[in-house]
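For reference, the structure is listed below as structure tokens.
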Amino acid sequence: MAVNLTINRVPVTVPEGTTILDAAKEVGIKIPTLCHLEGVGSPGSCRVCLVEVQGARTLQPSCVTKVGQGMVVCTNSKIAREARQLSVELLLANHPWDCNACVRNNKCELQTLASEMGITEVRFPYTKEQLPIDDSTPALIRDNNKCILCRRCVSVCQDVQGVGSLAPRLRGFDTIIGTGAGEKLSDAVCVQCGQCSTVCPVGAIYEKDAIEDVWKALDDPTKHVVVQTAPAIRAALGECFGLKPGTCVTGKMVTALRRMGFDKVFDTNFTADLTIIEEGHELLTRLKDALVDKKEVALPMFTSCSPGWINFMEYFYPEIIPNISTCKSPQQMFGALAKTYYAQKEGIDPKNIVVVSVMPCTAKKFECSRDEMNSSGFKDVDFVLTTRELGRMITEAGLDFLNLPDGEQDSPMGMSTGAADIFANTGGVMEAAIRTVYEVVTGRQLPMDGLHIKPIQGLKGLKEVSLTFTDCVPDWKFLEGVTAKVAVAHGLSNARKICDIVAAGNKPGYHFIEVMCCPGGCIGGGGQPLFTTDEVRKARIKAIYKEDEHRPMRKSHENPAITQIYKEFLGKPLGHKSHELLHTHYHKKEKK
Ligand code: FES
């Protein structure tokens, strides 16, 4: 039913159930907000969005108050403006005034609100007791001194990711946001995805910065520093420099990295293509073992590229460890090959090679520090920067990013196909795998205009598609007439749903499942520029598919650098060397 009301004397008609905040947006009236975040929730705790509603006894929080028939709302009366100002002042009174030294300086919502409301001084004394900073994980830092108790991190961790690591603790003035028993984050059930850091309006949760370590390596003449950039970086980095979401900046990013001093600018896309070859063969081998040799095989097989998902699985579903592909993530495959294959090829002592990754993901910082990730004989990946950190480094380096000429990645570990580009988004790994598996099994080429698999694209939480093999080549004849069923999940609350389906007997009969930890996949990762709404996700995904569509090669098995690495170094997919360098194992993690 339509509801008619007036806001600041402007008539507005909206559907029943709309909040005053959204109704005001319809007629171009902006009401300030802080705890409310689109797509995450409105705890209604900050009182920054108070408005006057005629006849109501008190001012109403517009983010949670629904419109009513004939309602008369005033957002800019003296009493509403002063109440909102007071809410912000009270938050500022409990907040350290060290903005210049804060990671969120100029990107802080509290700072912006204070400026927009004309607050230049705070009338109340700072009385907050100094709280310890938690830097116990390799990925994230929590500084409760800056926390404004908006609870956005609690909502995203609980409702979007289904992890529930953070919650309000203690009561009244002592309330803080913390882990269940107040333990350090490293001792809590935290998957280190960093989604909390992307919704925090201030500097209370942020990525553990590797910028100084990377500058130090670049400044060291004895070190050969190579960089890899994940597929999702190119569709988001431009946002750090004011470009619209969905602007691809691959060429400028390469030039910036070269001018910052990296010896080689490579691409994680190279090992994304390699992942398809290894993972595709792993799936086909499992299917052969099950269908031909009638062996007990763990199916469906799950993808393993997303370290936040792997952490989640190790905590919540360790019983499906045998179902997880043993392939390392493309980041870790790259590190292992940079310090073996590339080192040998170039005659560089691997102890002098420093591998830097630029990732959309804070969990990648954790992943590179796992004990298993040293198969080269060294730490395979030395440092991980998020997209946000790379943005800050480019600014520190004084580069005029927007006017940089386009550069190209170095060979051979910079060569890739469109299939690798689409790893950046939900459904992309599956689509890339299907492109290759279909051609390998049938020997037939897919038409260039028939590469997209629409049912597994887009932001629906769970997606699936079936594929029947016909006219298979002799090696894969056992798949003749077999219908493979695949599923895709993104965001860990959706991962939980698919894991429960599999644990309950896999009724739909899935063979292969892609899981990405973050909503939208890596394009919505915890290390991406702020803020990632669904509109931003869609724009970045569009850019990634455009990048894929403009490539001369769009299937991983067409990448000549991949053929070359098997010929020169690895031997064959799933061979001895591949197992040594490109595959791994997982552990059950204890929940405390
Ligand atoms: Fe409405 Fe916080 S934004 S109460």
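Evaluate the following for ARG234: is it basic (Lys, Arg) and over 30 Å from ALA432 (Cβ atoms)? Don't jump to the end; show me each part of the working.
Values: basic (Lys, Arg): yes; over 30 Å from ALA432 (Cβ atoms): no.
Taking the combined requirement at face value, the residue does not satisfy it.
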#### Entry: Residue under evaluation VAL103, criteria (1) out of contact with any Gly (no Cβ under 8 Å at 6 or more places or on another chain); (2) assigned to a loop (DSSP other than H, G, I, E, B); (3) more than 14 Å from the ligand (Cβ to nearest atom), criterion not met
(1)
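Given the options ASP289, ASP382, name the one that is surrounded by fewer than 24 Cβ atoms within 10 Å (Cβ to Cβ) and out of contact with any helix residue (DSSP H, G or I) (no Cβ under 9 Å at 6 or more places or on another chain).
On the way: ASP382 fails: out of contact with any helix residue (DSSP H, G or I) (no Cβ under 9 Å at 6 or more places or on another chain).
Criteria check complete, one pass: ASP289.
If you take just the helices (runs of 4 or more DSSP H) that sit entirely in segment 354-438, which of them hold at least 1 residues that are within 24 Å of PRO560 (Cβ to Cβ)? First the steps, then the outcome.
Details: elements: 363-367, 387-396, 418-421.
Correct list: 418-421.
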### Summary
Counting only residues that are over 24 Å from the mean Cα position of the chain (by Cα) and closer than 25 Å to VAL156 by Cα, segment 463-500 contains a total of 0
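Tell me, which residue of segment 568-592 that is among the charged types (D, E, K, R) and under 14 Å from LEU337 (Cβ atoms) is farthest from the chain's Cα centre (by Cα)? Steps first, answer last, please.
As a first pass, look at segment 568-592 and keep what is among the charged types (D, E, K, R): 568, 572, 577, 580, 588-592.
Filter again for under 14 Å from LEU337 (Cβ atoms), leaving 568, 577, 580.
Numbers: GLU568: 34, LYS577: 30, GLU580: 28 Å.
Taking the candidates together, the pick is GLU568.
Residues checked against (1) open to solvent by less than 50 Å² (accessible area, probe 1.4 Å); (2) polar (S, T, N, Q):
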site	(1), (2)
ASP174	no, no
VAL199	yes, no
ALA235	yes, no
LYS244	no, no
THR247	yes, yes
THR250	yes, yes
VAL254	yes, no
ASP263	no, no
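If I ask for residues that are more than 22 Å from GLY194 (Cα to Cα) and either at pLDDT 95 or above or in a loop (DSSP other than H, G, I, E, B) (or both), which ones from segment 484-497 would you list? Outline the logic, then answer.
As a first pass, look at segment 484-497 and keep what is more than 22 Å from GLY194 (Cα to Cα): 484-487.
Correct list: LYS485, VAL486, ALA487.
Regarding segment 158-176, can at least one residue be identified that is outside any loop (DSSP other than H, G, I, E, B), acidic (Asp, Glu) and within 21 Å of the chain's Cα centre (by Cα)? Before you say what the answer is, go through the steps one by one.
Residues of segment 158-176 outside any loop (DSSP other than H, G, I, E, B): 158-160, 166-169, 172-174, 176.
Keeping just the survivors that are acidic (Asp, Glu) gives 159, 174.
So of that shortlist, the ones also within 21 Å of the chain's Cα centre (by Cα) come out as 159.
Within segment 158-176 (the criterion being outside any loop (DSSP other than H, G, I, E, B), acidic (Asp, Glu) and within 21 Å of the chain's Cα centre (by Cα)), the answer is yes, since at least one residue qualifies.
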### Query
Is one or more of the residues making up segment 571-582 open to solvent by 30 Å² or more (accessible area, probe 1.4 Å), at positive phi and free of Cβ contacts under 8 Å to residues at least 12 places away in the same chain?
yes
### Subset of segment 131-156 (residues that are at negative phi, within 14 Å of the ligand (Cβ to nearest atom) and part of a loop (DSSP other than H, G, I, E, B))
ILE148, CYS150
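Here is a check on your reading of the model: is SER87 of a type in the set (Gly, Ala, Ser), outside any helix (DSSP H, G or I), touching a Cys at 6+ places or on another chain (Cβ under 9 Å) and within 15 Å of the ligand (Cβ to nearest atom)?
Details: of a type in the set (Gly, Ala, Ser): yes; outside any helix (DSSP H, G or I): no; touching a Cys at 6+ places or on another chain (Cβ under 9 Å): yes; within 15 Å of the ligand (Cβ to nearest atom): yes.
Taking the combined requirement at face value, the residue does not satisfy it.
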### Query
Considering only residues of segment 90-106 that are in contact with a helix residue (DSSP H, G or I) (Cβ under 9 Å, 6 or more places away or on another chain) and more than 21 Å from ILE176 (Cβ to Cβ), which is surrounded by the most Cβ atoms within 10 Å (Cβ to Cβ)?
CYS99
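The values are calculated or read from the model by the stated rules, or taken from the named source; none is laboratory data. The shown structure was predicted, so the numbers you read here are calculated from the model rather than taken from an experiment. Quick reminder, even Gly has a Cβ in these numbers, built from the backbone with ideal geometry, and neighbours come from all protein chains shown. Areas reflect the complete protein model, heavy atoms only, side chains present, ligands, DNA and RNA absent. Shrake-Rupley method; radii C 1.70, N 1.55, O 1.52, S 1.80 Å.
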